[in-house]
Amino acid sequence: MARTHTVFNLSAFPLFNPSLWRVVGVLLLYVAAGLAVPVGVSVYSGDGMQFALAASCLAMLMAGLFLKNIVGRRRRTSAGDNGERLFDFQFPLSSLQGVESYWLTVCVWTVLPVAGALPYLFTGVSTSLTDAVFESVSGFTTTGSTTFARPECLPVSMLVYRAMTQWVGGLGLLLLAVALLRRVGTGAESVYEAEFSGTQQRRLHPRLARSVRRMWMAYGLMTVAMAVVLCVQGVGVVDAVCTACSTVSTGGFTTHSVGSELAGGSSGVMVTLTVFMLLSGMNVAVLYRVLTLRWRGLWREEELRTYLLLFVVAVAVSTAALVVAGNGWEESVRYGVFHIAATMSTCGFYTPAPPRWPLVVGVLTFALLVTGAMAGSSGGGMKLRRVMIMVKYIANYFTRMLHPNVVFRVKVDGQVVENDYINKVFAFVFLYIVFIVEGGFVLTLCGCSIPDAVCLAAANVSNLGPSQLINELGGSLDYALLPDVAKWVLALLMVAGRVELFALVAVLSPSYYKKLRIK
């Protein structure tokens, strides 16, 4: 009997698609160009980091040009005498369809954070490759976990760079590509859907590119507005800009060890942080309507009403629990409002907790960090829209158990949610729980206690990062003390949470690779 061999069509493999690497290269060039800002800050402040930052900028430029012009170059070959073009690269996004868009998502969210570790290494603020990659991944994914116990000791230019990574990663690196590139091919639709995997993000304009540009405009205006307000309240320019970038992106990187140290813990500054954290957890389409004064019908947004109602109820419960535990009213209210806003938006800022921290606040914090912010926001978590759909479906199911002949459909904003999308929501929730459990299990093997491991896994896959919850369970927020294996696991969880799991699972699906077989 003749022995058969399996042959793979490697040209059909997404990683061999020049369009994919061209987009990655273009984004690397933009990130490298953005390094001009911290270089300028270094020259102005005299912190001595300008040459190291310039070297890292040059390295990124070379890598970006290599990917854009060599790996992602146009490929044209002829078949026969008619000169037919088998490979013709016309536009970076035009040939990326289906699972290829998921591959692009994973590659962008892997390559750019790794490249973003270069400034940490070149400047010497991180001597370990693991720590540098961890910090960069945490920045681009807007998680906020950090290995720097005292960020105020970092050079000013590096504080600006850290904030920039979070701001760029906040709304999405792929959305940045769609907004900046002039022509958008049909593949941009798949890229857009991959970036907002499973959240049904609405458009602000029929044209995709213009819609994304409006998102970035709202995002940028929010950042400028917050920075101006902080400066008016007496915060330094660097602190104000870095804090605004970290807040609007729901990242959580701070210029001080504790958020309350900003401007001496001024109550006005804390109110500003709370308001903008709450706003940043909202859908960017809602923010655009707010900023353009198109408020009519805004309250009809069911997810927005649920988000605000959940905030009020959570603040009331946490405040009451803190008071019952023996803390003062004023301290309990102030901490409860700030803590709940930081958790719901997955921003992760925290202030010293009251002396008595009841367990109910810990349970509420864990539930809120897993739920996350509104869909289509820069926040993390499962997203409130998914949780709403799941709760409504379960409620309808129990109602049908009592009344079998009654027909119910899940509706959000008066629109019927199709069963296929409901199945996708439940699949996402299942994957989310699997990632938390598996991540927590690996962390226990690294020496973490079970409560710390679960909280660390949940916080990082939700892109929350630092949280008072871990300290109150007896653990430590000092990520620098974790072994390297634990840091790589947490970095993987950050990326998985940022690409919303489906992209990561899609590229690892065995069923896809069967399509690459010729025989």
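Could I have the simple spin-label model distance between Thr292 and Glu331, label points 7 Å from Cα toward Cβ, reported in nm to one decimal?
The modelled label-to-label distance comes out at 4.7 nm.
In Å, what is the Rg of the alpha-carbon atoms in region 389-434, and how long is Dmax?
Final numbers for Rg and Dmax: 11.7, 35 Å.
Residues of region 130-155 with amide nitrogen under 12 Å from the 7 Å Cα-to-Cβ point of His256?
Counting backbone N atoms under 12 Å from the label point, the list is 152.
Run the numbers for Tyr30 and Val43: contour at 0.36 nm per residue of separation, minus the present Cα-Cα distance, in nm.
2.6 nm
Just to confirm my numbers, what's the Cα centroid distance between region 332-400 and region 41-73 in Å?
After rounding, the separation between the Cα centres reads 39 Å.
Could you calculate the contour length gain from Leu431 to Cys231, that is, 0.36 nm times the residue separation minus the distance between their Cα atoms, to one decimal place in nm?
Details: separation 200, 0.36 × 200 = 72.00 nm, distance 4.26 nm.
Separation in residues times 0.36 nm, less the Cα-Cα distance, equals 67.7 nm.
Among rounded, prolate and oblate, which fits region 232-340 when a ≥ b ≥ c are the square roots of the eigenvalues of its C-alpha gyration tensor, a/c under 1.5 means rounded, and a/b larger than b/c means prolate? Don't skip to the end; give the middle numbers.
Numbers: a/c = 2.36, a/b = 1.10, b/c = 2.15.
Because a/c hits 1.5 or more and a/b fails to exceed b/c, region 232-340 counts as oblate.
Within 10 Å, count the other beta carbons around each residue, average over each peptide in 379-389, 497-507, and list them highest first.
379-389, 497-507
Skipping prolines and chain starts, which residues have an amide H placed within reach, meaning under 5 Å, of the one on Val412, given they are 5 or more residues away or on another chain?
Val417
Read-outs: derived from the displayed coordinates by stated rules, not from any lab. Keep in mind that this is a model prediction, so the values were computed, not measured. Using ideal geometry, Cβ is built from the backbone for each residue, glycine included, and neighbour counts are taken over all protein chains shown.
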